[in-house]
Amino acid sequence: MMKSETMSTRNELALDNELDIRGLCRTLWQGKLWIIGLGLGFAIAALLISLLMKQEWSTTAVTDKPTVNNLASYFSQEQFLRNLDAKNTFTPAGDQASISHDAYNEFVMQLAAYDTRRDFWLDNPYYAQRKTGDSGANAVLLDKLISAIQFTPRDDKKIPNDSVKLTAETAADANKLLRQYVNFASARAAQHLYDEIQGAWAARTQSMKAQVKRQEEVATAIYNRELNNTAQALKIAQQKNIDHGMTDATPDSLADADMFLLGTPMLQARLQLLQASGPSFDIDYDQNKAMLATLNVGPVLNAKFQTYRYLRTPEEPVKRDSPRRVLLMIMWGIVGGLIGAGVALARRRVALVN
C-alpha cells in the first residue's frame, strides 16, 4: 500500500514538470493582444526616442602622394636646392626620397595631428554655433568633435592607402567638413614646407656667399703675389740692364727668384697685363656667382599648393550611422513582445489559481 502511494506521488510530480506545449500556445494565442500591443508600443516608443536622439553621419576620404602638378612651384624650387646640394656634396640624387613623398609625409603628419584637428574646430563655424556659456561644456564638445575625426594610416598588409573619416550631425555637414579639414591640413603642411624651404634657401645663400668670398680672397691673394713678384723682377732686371730674355723657359715654369731673367720688355708687358686684367677666376667661381645671383632672388612659391591627391573624394553619405531606427524598432518590438507574452502567461496562471 505504501509503495503504491509513493509511485502515484512520483507520477504526479513528473506530470507537473512536463511542458504543456499545446497549453502554452493556447495561452499565448489568447494573450495575443497583449503581445502585439506591447510589441507595437515598445517599437513606437523606440521610434519616438530615436527622433530625439542626435544623428550621426560619416564620410571617408582616401588620399595618396601628390603629383608634380599638385605641388606647383614648390617642386621646382625644392629640386633646385637638391641639385645644388648634389653638386656641392657629390650626393647621388637617387639616394634621396622623392619630393612628392616628403611633401605627402608632412601632409599625413598634419592630417593625424591632434593640434591640427583642434585648431580646425576652433576656427570653424560648426563649433562656434554649438558653443554655450559653459566653458566646461564647451571643452567636452570640443573634445568630442576632435574625436569625430579619425585618421587610419596605411598598412602594406591590410590597408593600401591612408584614409580619414569625419562624423557630423547631417550628411551635408559631414561631406563639407571633411573637405574643409583635408584642405586645412594640406594648407598647414604647405606652410611648414614653405617655411622649411625658405630656411634652407637662406642657409644655402649664406653658404654660397661664403664660398664666393673665399674664392675671391684666394684669387686676390694669388694676383697680388704675382703682381708683386713681377714688379720686383722688373726692378731687378732694370738694375742689371737686362733688356732681352736670358732664358727660353716660360714665365709660369720659372721660380719667382729667376723671373728677372725674362728681361725688362717681357716683364713690363707682363706687369701691364696683370694690372689691366686683375685677378683671374676659374669656371667654378663663375658658376657660383651665377648660382648666388639666383639664390639672392629667393624662393618663388605659390601661396598655397596641394600636398595630396584624392583616391576617394568625400561625398554625402547615404546611410546614417546613428541612430538606426529600423534596428531599434525591431529590437524594442521584440522586447515588448516578450514582455507581453510574460503578461499573458501571468494572467493565465492567476486565472487557474482562482
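Derivation of every value follows stated rules applied to the coordinates shown; laboratory data play no part. Predicted model, so just to flag it, every value in this text is computed and none were measured. Counting neighbours? That spans all protein chains shown, and the Cβs are built from the backbone with ideal geometry, glycine included.
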Contour minus Cα-Cα span, His192 to Leu81, at 0.36 nm per residue, comes to 38.3 nm
Which one of Ile159, Leu81, Ala174 is farthest out on the positive end of the charge dipole of the range 71-220, using unit charges on Cβ (Lys, Arg +1; Asp, Glu -1) and the Cα centre as origin? Ala174
For a protection proxy built on the mean count of beta-carbon atoms within 10 angstrom, sort 215-228, 184-197 highest first, please. 184-197, 215-228
Give me the one-decimal nm value for the distance between modelled label points at Ala97 and Arg130, 7 Å along each residue's Cα-to-Cβ direction. 3.4
Order these peptides, 63-70, 229-236, by their mean beta-carbon neighbour count within 10 angstrom, highest first. 229-236, 63-70
What whole number of Å gives the distance from the Cα centroid of the range 105-181 to the Cα centroid of the range 191-249? 60
Debye-sum result for the range 145-214 in log10 I(q)/I(0), which assumes one identical scatterer on each alpha carbon, at q = 0.19, 0.22, 0.28 Å⁻¹: -0.87, -0.98, -1.13
Under 1.5 on a/c is rounded, so check that first for the range 121-245, then, if it is not, pick prolate when a/b is larger than b/c and oblate when it is not; a ≥ b ≥ c are the square roots of the alpha carbon gyration tensor eigenvalues. prolate
Can you tell me the order of 131-138, 164-171, 268-275 when each peptide is scored by its average per-residue count of other Cβ atoms within 10 angstrom, highest first? 164-171, 268-275, 131-138
